[in-house]
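J.: I am attaching a structure below and will ask some questions about it afterwards.
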Amino acid sequence: MRIAVLALQGAFIEHEKMLASLGAECFEIRALSDLNRPFDGLVLPGGESTVQGRLLKDLGLFEPLKAKIEAGLPVLATCAGMILLSEKLSGDQTVWFGTLPCTVKRNAYGRQLASFHSEDEFKGLGRVPMTFIRAPAVQSVKPECQVLAVTRGIISAVRCENQLALAFHPELDGDPRVHRYFLGMVQKAQNGALKMAS
Ligand code: GLN
């Protein structure tokens, strides 16, 4: 399995380490030419969504990546990545990829709780450690989204088909279960594609 990790800004190296430890091959996307390499899944890391979104557009990466996500490429999006995927940002007209049918509020936990750690139930995985850093909150989801985790009464993980979006940073806690779950999604998508081709 080859996973492309968006490496324009933010916490991308930690994802690569985690995925590599699970046997996936990773490479970084920094320029348009990087998209010439084949890949089976994409990671949109945490960081600063406005900076990442602008860089994606300036580098010409935005439209080709959006087309791939719309075509069903499995995506793991953390924090800023979740903001980039969301269909609507609360109190903000900005829409980036807009492929994930939910409404998200940026920096939703306020100053006091800008960063915190939690351990909550993740559907199918049990309790997993969760690190939140100036995290967004999922305020509402459309029926096609599955809620996978709730933290302090607020949705913190959602899945819609091949898009897995998390308000927290699973790459920072040394627990590989969320990444393994994502690689399972990638494997399933690959199997589906093989079936269609045969
Ligand atoms: N607050 C950041 C944003 O709005 C996201 C923070 C993060 O990715 N840890 O983009």
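J.: If I stretch the segment between L22 and E70 completely, what's the gain in nm (0.36 nm per residue apart, minus their alpha carbon distance), one decimal?
T.: Result: 14.6 nm gained on full extension.
J.: Could you give the length gained by full extension between R30 and M1, i.e. 0.36 nm per residue of separation minus their alpha carbon distance, to one decimal place?
T.: Length difference between fully extended and current span is 8.5 nm.
J.: With every protein chain kept in place and ligands, DNA and RNA left out, what is the accessible area per residue of the chain? Probe 1.4 Å, answer in Å².
T.: It amounts to 46 Å² per residue over the chain.
J.: Just add up the charged neighbours of G46: K/R +1, D/E -1, any other residue whose Cβ is under 14 Å from the Cβ of G46.
T.: -3
J.: Quick one: work out the % antiparallel among DSSP beta bridges in the stretch 1-133, nearest 5.
T.: If we restrict to bridges inside the stretch 1-133, about 40 percent are antiparallel.
J.: Do any trypsin sites (Lys or Arg not before Pro) in the stretch 99-198 lie in a DSSP loop with no more than 12 other beta carbon atoms within 10 Å, and if so, which?
T.: Passing both the DSSP loop test and the Cβ count: R111, R152.
J.: For the stretch 69-198, what is the percent of antiparallel DSSP beta bridges, rounded to the nearest 5?
T.: 75 percent
J.: Hey, another quick one. Grab the beta carbon distance between L55 and S90, set R0 = 30 Å, and tell me the FRET efficiency rounded to 0.05.
T.: Numbers: r = 23 Å, r/R0 = 0.78.
It comes to 0.80.
J.: Within 12 Å, Cβ to Cβ, of I13, how many net charges do the neighbouring residues add up to if Lys/Arg are +1 and Asp/Glu are -1?
T.: Here the count lands on -3.
J.: Could you give the dipole magnitude of the stretch 28-180 about its Cα centre, charging the beta-carbon of Lys and Arg +1 and that of Asp and Glu -1, in debye to the nearest 20?
T.: Result for the stretch 28-180 is approximately 280 debye, rounded to the nearest 20.
J.: Given the options L89, I13, L183, identify the residue whose Cα lies farthest towards the positive end of the charge dipole of the chain (+1 on Cβ of Lys, Arg; -1 on Cβ of Asp, Glu).
T.: Ranked along the dipole, the leading option is L89.
J.: If each residue of separation counts as 0.36 nm, what is the full-extension length gain between E144 and E48 once their alpha-carbon separation is subtracted?
T.: 31.9 nm
J.: Something else: Once a ≥ b ≥ c are taken as the square roots of the eigenvalues of the Cα gyration tensor of the stretch 1-100, is the result rounded (a/c under 1.5), prolate (a/b larger than b/c) or oblate (a/b not larger than b/c)?
T.: Taking the square roots of the gyration eigenvalues as a ≥ b ≥ c, the stretch 1-100 is prolate.
J.: If a/c stays under 1.5 just call it rounded; otherwise compare a/b with b/c (prolate if a/b is bigger, oblate if not). Do that for the chain, with a ≥ b ≥ c from the square roots of the Cα gyration tensor eigenvalues.
T.: Rounded is the answer for the chain, as its axis ratio a/c remains below 1.5.
The values are calculated or read from the model by the stated rules, or taken from the named source; none is laboratory data. Please read these numbers as outputs of a predicted model, since none were measured by experiment. When we count neighbours, we look across all protein chains shown, and the Cβ atoms used for this are built from the backbone with ideal geometry, even at glycine. The area values use the complete protein model at the heavy-atom level, side chains included, leaving out ligands, DNA and RNA. Shrake-Rupley method; radii C 1.70, N 1.55, O 1.52, S 1.80 Å.
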